[in-house]
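Bear in mind these aren't lab numbers, they're just calculated from the coordinates by the rules spelled out. All values reported here derive from a predicted model rather than from experimental measurement. With ideal geometry, Cβ positions are generated from the backbone for all residues, glycine too; neighbour counts draw on all protein chains shown.
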Amino acid sequence: MNFTVNKLGNVNLLNNTKILYVISLFIILFYLSPFFLYSEDLYIQIYDNLDSNHIWLKILAESGMIFSDSIEIIPNMMSGLPRLSYGTEYNALLWLYVLFEPFTAYSINEVILHIFAFFSMLILLKRYFIKETTLNRNLIIFTSSLLFSLVPFWPSGGLGIPSIPLVSYSFLNIFYNKDTKKDWIILFLIPFYSIFILSYFFYLLLLILFIIYLSIKHKKVYWNFLSAILFMTTIFLLIDYRLISAMFVDNHFISHRTEFLVHKNILIDSYKLFILDFFNGNNNQISAQFPFVIAVSLSAYLLSFNKRKYTYKESITIILLFSLLSYFSVWHILLVNLYTLPIIFFILLVTLKYSYEKKIAYILLTILILSAWSGFWFSEELKSLFPNTLLIEKINFSRFTFLQPFFWYLLLVAAFIVISNRIKFSSLIIPIIAIFILSQEFKDKYFIQVDEDKYEATYRAYYAKKLFTIIDKYIDKDKSTYRVGSIGLEPAVSLYNGFYTIDGYSANYPLEYKHTFNKILQSNLYTNKSLKPLFTEWGSKCYLFGPDASLTYSFDAGDYNRNTQIPYFVFDIETLRELQTKYIFSAYEIIYPDPKEIKLLRLFTQEESYWDIYLYQIQYPTETD
């Protein structure tokens with residue numbers, strides 16, 4: 001498959017490769033510069049990031065149990081979790097945490113992801129999508145690669161999404177029998193810095209469907225291509241041997257995931273999820289496609305019905321019209337309409353044969369189908385079609401949307417080509433469009449320099465190392481000899497500072513522990529109806545949920561208010577004692593604590609800390625004041 005651009009003239013300044021390299025790398029480094037300038041004073045996304053994966057990697061890296069048996073217990077979190085709960089040891093991201101301090105490892109990972117994404121897309125586009133020498137060829141290649149590189153990739157996903165263009169390049173080489181050893185080396189190495197079930201499972205599945213289609217169409221079996229898919233899949237399975245073994249061979253424990261209630265939406269709710277997935281992407285894998293990438297792509301598709309190049313006057317008219325639609329937010333109004341996506345889907349199908357640039361339609365249809373599949377995956381109707389099947393129960397197929405960034409920016413490449421072919425001044429229009437998309441990407445990134453009400457606390461303030469050092473000195477006991485629980489702050493904070501907790505956030509832990517923890521929460525869950533389904537139908541967060549304004553889901557939206565007070569200690573004291581809970585770190589004051597249950601020891605505050613911590617001691621029958 002080759003995207004081509006007609007030859008328009010001599011190479012100009014914006015098509016000079018050296019200049020484009022300098023500009024692109026400068027923008028990428030500027031994007032990443034806050035990590036070097038602000039260090040731990042950055043505001044970094046907490047949800048599914050600092051509250052979870054970052055902590056899991058830190059715990060495992062420091063545990064001395066990286067290569068331990070899957071059933072061995074790492075004691076830090078949730079009264080001790082099996083080694084299986086922390087994932088594979090053959091992950092490059094984990095080894096960054098082994099070699100460096102947590103924040104340094106996090107920062108290095110961010111630099112790798114974005115720079116790798118740039119060259120990954122650059123290599124693919126140079127070889128397979130824009131071959132002929134044209135006025136705007138290099139401009140399109142570098143602009144598209146830059147925009148793809150600044151997608152706000154989920155940090156814990158590693159190279160799962162940034163590497164897809166490079167892997168596609170290798171698969172295309174294999175498909176066209178142009179492969180060399182380097183292509184097979186790429187397919188071998190990428191799994192060591194990716195998460196199979198969050199990206200490449202779905203990518204490889206799409207490749208299988210694609211090659212089946214071609215095999216039927218051409219009545220030919222593409223053995224080399226199938227061998228490459230099998231090769232990469234095998235590497236992934238060997239790397240994730242712990243998870244694969246637990247899922248299909250030796251289930252060391254019954255996972256809490258068996259009680260997930262996923263397929264519960266009625267059709268209209270699933271349809272709304274479809275719309276959200278199309279415009280916003282997955283919560284963990286934002287594509288920054290709305291509104292500019294979508295608007296530019298749809299506009300380019302409309303332009304593609306005319307084969308000739310527009311005149312200067314026509315080009316100016318088109319540019320002004322697009323600008324006015326954007327300035328007055330008409331694109332936004334049109335796109336967010338409840339019925340927009342079915343209309344777009346219908347128009348694409350009906351008009352496809354009349355377009356001179358069908359690539360836009362094909363890619364856009366692919367994104368629509370993936371988004372629809374993701375949205376309707378949660379519907380009760382889909383569950384009824386495939387009752388109790390292995391794949392339905394074991395794999396979350398809504399994660400097809402993790403692939404969206406690749407398709408969105410491939411779509412943008414196709415749109416840029418149409419603009420270059422049809423519109424005058426395209427060498428100026430493409431950079432202007434890029435600036436608007438860059439502004440969106442800078443807005444959606446996982447970190448910010450100053451508090452803009454996007455994230456509540458800086459990295460330093462969130463983990464509050466100085467405050468917890470003071471608390472540790474006050475308690476003055478070996479941390480491994482007692483357990484703590486947290487109210488109003490996430491257990492990740494205590495875990496980061498070396499405390500052993502009864503609570504935590506885990507994607508895979510024993511169902512038995514969930515049932516035990518449910519006893520602690522039972523009276524509170526029945527009081528707070530909004531929290532009950534969060535725990536009973538999901539349960540990956542075993543938190544001491546407070547009755548009122550305490551933690552419910554995430555602090556990213558600014559949930560913490562230190563002036564909040566909790567009337568009573570509402571948790572089952574006997575179960576807490578059974579779990580050897582000695583202390584409670586509470587971000588809120590408990591007004592009427594039962595002296596037979598808990599006793600306030602001291603309030604701790606520290607200037608750099610996001611939290612005020614009330615230290616409570618669990619009272620045991622044998623203890624006296």
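Key figures for this structure:
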read-out	value
Net charge, Tyr583 excluded, C-beta distance under 10 Å - Lys, Arg +1, Asp, Glu -1	+3
Long-range HN-HN contacts of Leu81 with modeled amide H, under 5 Å	Ile74, Asn76
Fewest-first sequence of Tyr38, Tyr409 by Cβ atoms within 10 Å of each Cβ	Tyr38, Tyr409
Estimated [θ] at 222 nm from DSSP helical runs (n ≥ 4, -39500 (n - 2.57)) normalised by residues in the chain, nearest 500	-16000 deg cm²/dmol
Separation in nanometres of the label points that stand 7 Å from Cα toward Cβ, at Glu62 and Ile347	5.4
C-alpha long axis of helix 340-351 to longest principal axis of the chain, angle in °	30
Hull shadow area, averaged, region 232-387 [alpha-carbon convex hull, nm²]	13.5
Check: the chain dipole with +1 on Lys, Arg Cβ and -1 on Asp, Glu Cβ, in debye	3380
Cut-off 10 Å between beta-carbons: net charge of the residues surrounding Lys309, Lys and Arg +1, Asp and Glu -1	+3
Backbone HN-Hα couplings from phi across region 564-570 [Karplus 6.51/-1.76/1.60, Hz, Gly and Pro as x]	5, 10, 10, x, 9, 7, 9
Lys532 paired with Thr481, simple spin-label distance in nm, labels 7 Å along Cα-to-beta-carbon	4.2
Under the Karplus curve 6.51 cos²θ - 1.76 cosθ + 1.60, θ = phi - 60°, whole-Hz ³J(HN,Hα) for region 176-193, x wherever Gly or Pro sits	8, 6, 10, 6, 10, 4, 5, 5, 6, 5, 4, 5, 7, 7, 4, x, 6, 10
Net charge contributed by nearby residues that have their C-beta within less than 12 Å of Phe569 (K/R +1, D/E -1)	-2
In nm, spacing of pseudo-spin labels at Ile71 and Ile115 (7 Å Cα→C-beta vector)	4.5
Violating pairs (Cα-Cα greater than 32 angstrom) within the set Lys181/Lys445; Lys541/Lys582; Lys18/Lys424; Lys264/Lys596	Lys181/Lys445; Lys264/Lys596
Extended-chain gain in nm, criterion 0.36 nm per residue less alpha-carbon gap, Glu608 and Leu189	146.7 nm
Added length on full extension, which subtracts the Cα-Cα distance from 0.36 nm per residue, Thr469 to Glu512	12.2 nm
Segment Lys313-Leu600, extension gain: residue separation times 0.36 nm, minus the distance between their alpha carbons	95.7 nm
Relative exposure of His256, His218, judged by other C-beta atoms within 10 Å (fewest first)	His218, His256
Candidates per trypsin sites (Lys or Arg not before Pro) in region 193-280, loop by DSSP, up to 16 other Cβ within 10 Å	Lys219, Lys220, Lys264
Region 460-618 - Debye-derived log10 I(q)/I(0), Cα point model, q = 0.09 Å⁻¹	-0.26
5 angstrom amide H check on Arg483, placed H, neighbours 5+ away	Lys582, Tyr583
Degrees separating the helix 426-444 axis from the principal Cα axis of the chain, which is the longest one	10
Vicinal HN-Hα couplings computed from phi for region 504-521 (Karplus, 6.51 cos²θ - 1.76 cosθ + 1.60; Hz; Gly/Pro x)	x, 10, 9, 7, 7, 9, x, 4, 4, 5, 4, 5, 5, 5, 4, 5, 5, 8
Amide H within-cut-off set for Ser379, under 5 Å, with H built and near neighbours excluded	Asn265
About the Cα centre, charge dipole magnitude for region 262-381 (Lys/Arg +1, Asp/Glu -1 at Cβ), debye	620
Convex hull per residue volume in Å³, alpha carbons only, for the chain	168
Ascending count of other beta-carbon atoms within 10 Å, so fewest first, for Tyr462, Tyr31	Tyr31, Tyr462
For region 460-618, size of Cβ-based charge dipole, Lys and Arg +1, Asp and Glu -1, in debye	240
Descending semi-axes in whole angstrom, ellipsoid equivalent of region 51-186, from the Cα gyration tensor	38, 17, 10
